[in-house]
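Q: Following this message is one structure expressed as structure tokens.
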Amino acid sequence: MAFGQNGVGAMSHGEKEVFLKCRQCSETTRHIVLKEEEVSNIDEEEAVYETCHYRVLQCSGCNSGIFQETIHTSESWAPEKVAALLQKSW
């Protein structure tokens, strides 16, 4: 299995997985990505862009589930990336 950015790998039957420390069992284990969604919003008047990435993961060690949320805003990105995203939205 090949791992890409952020330790994410693709399992043979199309599921994604990540390796991270589980808060329940306190071990670094494989977590299966059960569901993921990405939502992008843009405020053209304020020129602010936001992307929210949501994932539901399940630990392969203890079977506990977690909800993961990652938010990126135009304030956290380089100006050239924000400009490129704004151009794509028009």
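Q: Counting only residues that are in contact (Cβ under 8 Å) with a residue 24 or more places away in the chain and either within 15 Å of the chain's Cα centre (by Cα) or more than 24 Å from CYS25 (Cβ to Cβ) (or both), how many does region 56-70 have?
A: Here the count works out to 3.
Q: List the pairs whose first member sits in region 18-30 and is within 20 Å of TYR54 (Cα to Cα), whose second member is of a type in the set (Asp, Glu) and at pLDDT 90 or above, and whose Cβ atoms are under 6 Å apart, counting only residues at least 6 apart or on separate chains?
A: Once the first residue is within 20 Å of TYR54 (Cα to Cα) and sits in region 18-30, its partners that are of a type in the set (Asp, Glu) and at pLDDT 90 or above give ARG30/GLU17.
Q: Identify all residues within region 59-69 that are in a loop (DSSP other than H, G, I, E, B) and surrounded by 12 or more Cβ atoms within 10 Å (Cβ to Cβ); write none if there are none.
A: SER60, GLY61, CYS62, SER64, listed by residue number.
Residues are listed down the side, and each one gets a yes or a no for (1) of a type in the set (S, T, N, Q); (2) surrounded by 14 or more Cβ atoms within 10 Å (Cβ to Cβ):
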| site | (1), (2) |
| --- | --- |
| VAL18 | no, yes |
| ARG23 | no, no |
| THR28 | yes, no |
| LYS35 | no, no |
| GLU46 | no, no |
| LEU57 | no, yes |
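Q: What's the number of the only condition in (1) surrounded by 14 or more Cβ atoms within 10 Å (Cβ to Cβ); (2) modelled with pLDDT of 85 or more that HIS72 fails to meet?
A: So HIS72 meets the others, but not (2).
Q: Just to be sure, is ILE42 of a type outside the set (Asp, Glu) and at pLDDT below 90?
A: In short, yes.
Q: Restricting to region 75-90, and then to whatever is among the hydrophobic types (A, V, I, L, M, F, W, C) and surrounded by fewer than 10 Cβ atoms within 10 Å (Cβ to Cβ), can you tell me which residue is modelled with the highest pLDDT? Talk me through it step by step, then tell me what you get.
A: Step one: filter region 75-90 for residues among the hydrophobic types (A, V, I, L, M, F, W, C), giving 77-78, 82-86, 90.
Within this subset, residues satisfying the condition of being surrounded by fewer than 10 Cβ atoms within 10 Å (Cβ to Cβ) are 78, 90.
Working: ALA78: 60, TRP90: 35.
So, considering only residues that are among the hydrophobic types (A, V, I, L, M, F, W, C) and surrounded by fewer than 10 Cβ atoms within 10 Å (Cβ to Cβ), the one modelled with the highest pLDDT is ALA78.
The values are calculated or read from the model by the stated rules, or taken from the named source; none is laboratory data. Because the structure is a prediction, the values reported are computed rather than measured. Note that each Cβ is placed from the backbone with ideal geometry, even for glycine, and that neighbours are counted across all protein chains shown.
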